[in-house]
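I have placed the structure first, in the form of structure tokens, so that the comments after it can refer back to it.
The values are calculated or read from the model by the stated rules, or taken from the named source; none is laboratory data. Since the model is a prediction, treat every value here as computed from it, not as a measurement. With ideal geometry, Cβ positions are generated from the backbone for all residues, glycine too; neighbour counts draw on all protein chains shown.
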């Protein structure tokens, strides 16, 4: 290896930073996976250092507003001069440099959209508040994934960044040890030369095919991934002074770009069939070994100067091995579990707007009443472009007024802006369990076991659970919405059985609790486990006809509220009344006589999406 490239890093975050400096526009940036503060600062500083001289570095908080990103009215200058003054946003001011975004999983939709637009088009267009401008914004984004629980960085933003850098291990720790000035000067020179050399790097078509086949084999469905892997391979070749992409460049690109995006492990290659063996016959006997004194056969003619190793079976096999070796053990185990039918991480809670609590998400037009809070800065920003006209009109309307009596800022009703918040909604699962005599004889003990496992699954997903039992003359709220799993198990174990089946009362109680959960900001889901043999009417009178009539009337009221529900028929062969009641409730009817906990768990997980969809609607 020539001395010019002997001191380049062999991999890890340092090499990623140099590759970004070579082709920042094509590679987009990098996502740092749960970095320490010092590691993130060292990585972004290294990227800035090896970019062209004078490259800016801007730090953007996750609560940034679109006005700050795009640019808009310079409030202070506009109010002081009385004329509209435009202000450049953070994206335009970072042109040619680095944007650092901590806690990127909490970016608002508008801020995330702005970043994606700039990464796609490398420019910012501002057309608002009387301003129409266009600025270049060729940025390299360094975002930090500091998510906890069910938070995650949005796929649209992850897809536009070539690299995912895991800040663990010796390679990441080496970032905290600042390289000496000689190494930095050498890296700056080599990245500068590589930027001039990048467009001259040629690629054999076989490597393009191999990169695409490898991405497909590992379940990567984004078209950006193979394109970024190809650009990464060309940048790696240019950084090492080559004008032709070789195997080492493609392997490094596969390990850095494709491996973090893998969603499955490709199956092992099938053994090639022996076409010479006729079907149905045993394989031929191996040839007998030669006698001991027989000299070995002569090797085939070969070029004596060609001492290179034998070529691999295909370029795709080489890249598959590179991706597999780059997968960390934990991720490899997850992919294997998913390939074997296991499950990945839990769901993410739905988001909804709120005027009083949650994470800040900018402002909207409105009056500060009913608990809504005034956003003073955005109110002044909305009023600023109209100050000269308003003050001139006020001065002409009251020419005899003294100057000190005139308002310095004229704010009108349409200028008011109120704060907007976003909060995540949880799901409240209401288990309504039939403890009547008929159910106790049939499946109450099995239903208890199934509900207990479902309670544990709901608790693991951080959902609130509630338990309602019905038997005899009415219903009983055994457990209000809670996350206390131990208390739920204790109450369920002590649930007695016996008495009639007041199904109408149970539906009314479920509706009441579901509406209360909805008013509290949660998405309710009702899961009823019963054999459907209603025999107690709403007025307490025994008899099946009246009880069934009341149950259907209660089901109709339940359906009007459009609350997601699942009706689990635990009878031995299925009750026609249970099916009619489920249809009247607009609930999903499931005949599950054995009350299998595993099957019920899958059904409840599917119904969670129904609850979240109804809440968003």
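See the values below:
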item	result
Tally of residues being farther than 17 Å from residue 30 by Cβ and either surrounded by fewer than 17 Cβ atoms within 10 Å (Cβ to Cβ) or modelled with pLDDT under 90 (or both) across segment 136-151	5
Candidate set from segment 511-527 (those that are touching a helix residue (DSSP H, G or I) at 6+ places or on another chain (Cβ under 7 Å) and modelled with pLDDT of 85 or more); member that is surrounded by the fewest Cβ atoms within 10 Å (Cβ to Cβ)	511
Any chance residue 210 is assigned to a helix (DSSP H, G or I), within 25 Å of residue 32 (Cα to Cα) and at pLDDT below 95	no
Residue 490 being closer than 15 Å to residue 466 by Cα and buried (at least 16 other Cβ atoms within 10 Å of the Cβ)	no
Any strands (runs of 3 or more DSSP E) falling wholly within segment 20-113 and containing at least 2 residues that are within 28 Å of the chain's Cα centre (by Cα)	29-33, 57-59, 98-101
Unique match (being modelled with pLDDT of 90 or more, buried (at least 16 other Cβ atoms within 10 Å of the Cβ) and not in a helix (DSSP H, G or I)) among 157, 161, 227, 198	161
Residues located in segment 238-256, provided they are touching a strand residue (DSSP E or B) at 6+ places or on another chain (Cβ under 7 Å) and assigned to a helix (DSSP H, G or I)	256
Hey, residue 554 within 34 Å of the chain's Cα centre (by Cα) and under 21 Å from residue 429 (Cβ atoms) or not	no
Matching entry among 582, 547, 611, 578 (being in contact with a strand residue (DSSP E or B) (Cβ under 7 Å, 6 or more places away or on another chain) and modelled with pLDDT of 90 or more)	582
Test: residue 423 is modelled with pLDDT under 65 and either within 30 Å of the chain's Cα centre (by Cα) or more than 17 Å from residue 471 (Cβ to Cβ) (or both)	yes
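A quick yes/no check of all residues on (1) without any contact (Cβ under 8 Å) to a residue 60 or more places away in the chain; (2) under 24 Å from residue 15 (Cα atoms):
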position: 57; (1), (2): yes, yes
position: 67; (1), (2): no, no
position: 93; (1), (2): yes, no
position: 116; (1), (2): yes, no
position: 132; (1), (2): yes, no
position: 160; (1), (2): no, yes
